[in-house]
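The block underneath contains the structure these notes are about, expressed in structure tokens.
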Amino acid sequence: MLFLVILILSVLSSYFLPWWTVAVVAFLAALFIGKTSGQSFLFGFSGVFVAWVLVALFKSLPNDNMLAERVVQLFPLPHNWICVLLVTGIIGGLIGAMGALSGALLKKALAK
């Protein structure tokens, strides 16, 4: 349930709002739905990872991955645009995981 809420809200917010809103989405979802801090961290990471990879794919495929191929030349990565997608997903996943972990720990602190 937490994974789906974070995934759907992250995809929707990625189109209309700034990049950092995924942290707020993961924070609020874990605050209200999350059960444990470990579960919240894992679902926050995986939900935002999948959301950012999907959004990046939807934005990259129509232009034949030209921007992703140029960005991959800037970094010491294998020259494949999929590497840019994976790095994008990992960065987004870490942002979502930290947001969800913060929400779960706040919930635990307020419960005492």
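What follows draws every value from the coordinates through simple rules; no lab data is involved. Keep in mind that this is a model prediction, so the values were computed, not measured. A quick note on method: Cβ atoms are made from the backbone with ideal geometry, for glycine too, and the neighbour counts reach across all protein chains shown.
I need to check one value: relative contact order of region 2-111, counting alpha carbon pairs closer than 8 Å and at least 6 residues apart, in percent. Relative contact order, region 2-111: 41 percent. Taking a Cβ cut-off of under 15 Å around ILE33, the surrounding Lys, Arg, Asp and Glu residues balance to a net charge of +3, with basic ones at +1 and acidic ones at -1.
Placing a pseudo-label 7 Å from each Cα along the Cα-to-Cβ vector at LYS108 and TYR15 gives an inter-label distance of 3.6 nm. Looking at the chain, identify the longest residue range that excludes and avoids all chymotrypsin sites (Phe, Trp or Tyr not before Pro) in DSSP loops having at most 15 other Cβ atoms within 10 Å. Longest run free of exposed loop sites: 21-112. Our helix-only sum for the chain, with -39,500 (n - 2.57) per DSSP H run of n ≥ 4 divided by its residues, gives a mean residue ellipticity at 222 nm of -27000 deg cm²/dmol. Comparing Cα centroids, region 1-78 and region 82-112 end up 10 angstrom apart. If the Kirkwood radius is taken over C-alpha pairs of the chain, then at 37 °C and 0.692 mPa s the Stokes-Einstein diffusion coefficient equals 231 µm²/s. Among the trypsin sites (Lys or Arg not before Pro) found in region 1-75, those both in a DSSP coil and sparsely packed, with 13 or fewer other Cβ atoms within 10 Å of their Cβ, are LYS35. Rounded to the nearest 20 debye, the dipole size of the chain about its Cα centre is 480 debye, using +1 on the Cβ of Lys and Arg and -1 on the Cβ of Asp and Glu. The string of couplings for region 24-38 from the Karplus curve (6.51, -1.76, 1.60, θ = phi - 60°) is 5, 4, 5, 4, 5, 5, 6, 5, 9, 10, x, 9, 10, 6, x Hz, one whole number per residue in order, with x for Gly and Pro.
In the chain, taking the dipole from charged Cβ atoms about the Cα centre, the farthest positive-side position among TYR15, ALA30, PHE75 is held by ALA30.
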